[in-house]
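The values are calculated or read from the model by the stated rules, or taken from the named source; none is laboratory data. All values reported here derive from a predicted model rather than from experimental measurement. Virtual Cβ from ideal backbone geometry, glycine too; neighbours counted across all protein chains shown.
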Amino acid sequence: MSVPNTVLDRLLQKHENKEVDFLCNHGNIGDTLIFKGTLAFCKKYNIRLRLITKITQNHNNTLFVSGGGNLIDHYAVLKTWLLPRVQQASLIYEQVIILPHTIFGEKTIQGLLPYIENIYIVCRENYSYDYLRAHLPKENIFLSDDMAFHLDYSAIYKKGKGTLHVIRTDGEKTDMPVPKGNIDLSEEFDIGKPYQHAYWELSYWEEFPDKLIEYINQFEEVVTNRLHIGIAAALLQKKTTIYPNNYFKNKGIYELSLADMPHVSFRD
C-alpha cells in the first residue's frame with residue numbers, strides 16, 4: 001500500500017488497485033498536460049481509468065471527473081456538457097470526485113448544491129476553494145495542485161536559448177499587447193496531425209503534450225498568460241513570467257503552486 005502524503009493522495013488512495021470511471025473534459029492542447037498528469041498520478045496507485053463521455057447504467061462505483069476550468073459560469077460548456085453529466089453521475093455513482101478544478105459562479109453553485117451529498121470537489125487554487133466552502137458543505141471541498149504538477153520533466157531539462165512569448169488570443173485574452181513573434185501554443189501548436197477538443201479519442205493524443213514540452217524546452221525564458229504553458233515552463237526550470245488571464249485562475253494557481261519556485265514570477 002502506498003503511503004498517502006498529500007490531500008489528493010489521501011482522497012484517492014482508497015481506490016488503489018481498482019477501476020474507476022473517468023469523465024473526460026474537452027479542452028485545448030494545454031489540457032492534455034492535465035490528462036497526462038492524471039494518468040501519472042493514477043499509475044502510482046494502480047488506479048485504472050475507464051474513459052467515458054456520457055453517464056450510463058453500466059458503470060463502476062466511483063467516477064473521477066477530469067480536472068480543468070470548465071465549471072465556471074463564463075463557459076457555455078458548463079450547462080450544456082459538463083455540469084449535466086456531473087448531476088446525472090451523482091444519482092447513480094456511490095462517489096463522484098472532481099479532480100483539481102477552478103470552479104466559480106452562481107449558476108455553478110445552484111447546479112451543484114442539490115447533488116452535493118456524494119460529490120467531492122478538489123479545487124486547484126484558494127479563490128475557488130474559499131468560494132465553494134462559503135456555499136457548499138465544507139467537508140466536500142478540498143485543495144490540491146493542478147494535475148499537471150504530477151508530471152516530472154527534471155530529467156530532460158536543458159538551458160535553451162531566447163525567449164518564448166505565449167500570449168492568449170482567445171476568449172480569455174486580456175488587453176495585454178501581443179508581442180511580435182507571439183505564438184498562442186495551446187491553440188496553434190502543430191505536430192502535423194489534426195487536433196480536436198475531445199483529444200483523448202485520438203490514438204496519438206500523447207504526441208501533443210510530449211512535443212509541446214520538447215518545443216518549450218528549446219527556450220531559456222517563457223513569458224505567458226497561458227496557465228499550462230506557464231506550468232510546463234516552470235516544471236522545465238525555465239525562467240518563467242506569468243501574467244493574468246481574464247479572471248483569477250492564473251493568479252490563484254501561481255499563489256498556491258508556483259510562488260515558491262525562484263525561477264517563476266507573476267506580474268499582475
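So here's what we get for this one:
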item: Region 109-135: number of residues that are closer than 15 Å to Tyr247 by Cβ and buried (at least 23 other Cβ atoms within 10 Å of the Cβ); result: 4
item: Members of region 224-234 found to be crowded, with 24+ Cβ neighbours inside 10 Å and of a type in the set (A, V, I, L, M, F, W, C), listed by number; result: Leu227, Ile229, Ile231, Ala232, Ala233
item: Candidates Lys43, Lys18, filtered to the one that is without any contact (Cβ under 8 Å) to a residue 60 or more places away in the chain and in contact with a strand residue (DSSP E or B) (Cβ under 9 Å, 6 or more places away or on another chain); result: Lys18
item: Residues of region 219-268 classified as under 14 Å from Glu172 (Cβ atoms) and outside any helix (DSSP H, G or I), total; result: 10
item: Residue list for region 151-199, restricted to those being in a helix (DSSP H, G or I) and surrounded by 19 or more Cβ atoms within 10 Å (Cβ to Cβ); result: Leu185, Ser186, Tyr199
item: Residue match in region 68-83 (condition: modelled with pLDDT of 95 or more and aromatic (Phe, Trp, Tyr)); result: no
item: Sole exception among (1) on the phi > 0 side of the Ramachandran plot; (2) free of Cβ contacts under 8 Å to residues at least 12 places away in the same chain for Gly162, by number; result: (2)
item: The listed residue being surrounded by 17 or more Cβ atoms within 10 Å (Cβ to Cβ), of a type in the set (Phe, Trp, Tyr) and farther than 24 Å from Ser257 by Cβ, out of Tyr93, Tyr45; result: Tyr93
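A quick yes/no check of all residues on (1) of a type outside the set (Lys, Arg); (2) under 30 Å from Tyr153 (Cα atoms); (3) assigned by TED's automatic domain parsing to the domain that holds Tyr199; (4) over 12 Å from the mean Cα position of the chain (by Cα):
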{"position": "Leu49", "(1), (2), (3), (4)": "yes, yes, no, yes"}
{"position": "Asn58", "(1), (2), (3), (4)": "yes, no, no, yes"}
{"position": "Gly69", "(1), (2), (3), (4)": "yes, yes, no, no"}
{"position": "Ile97", "(1), (2), (3), (4)": "yes, yes, no, yes"}
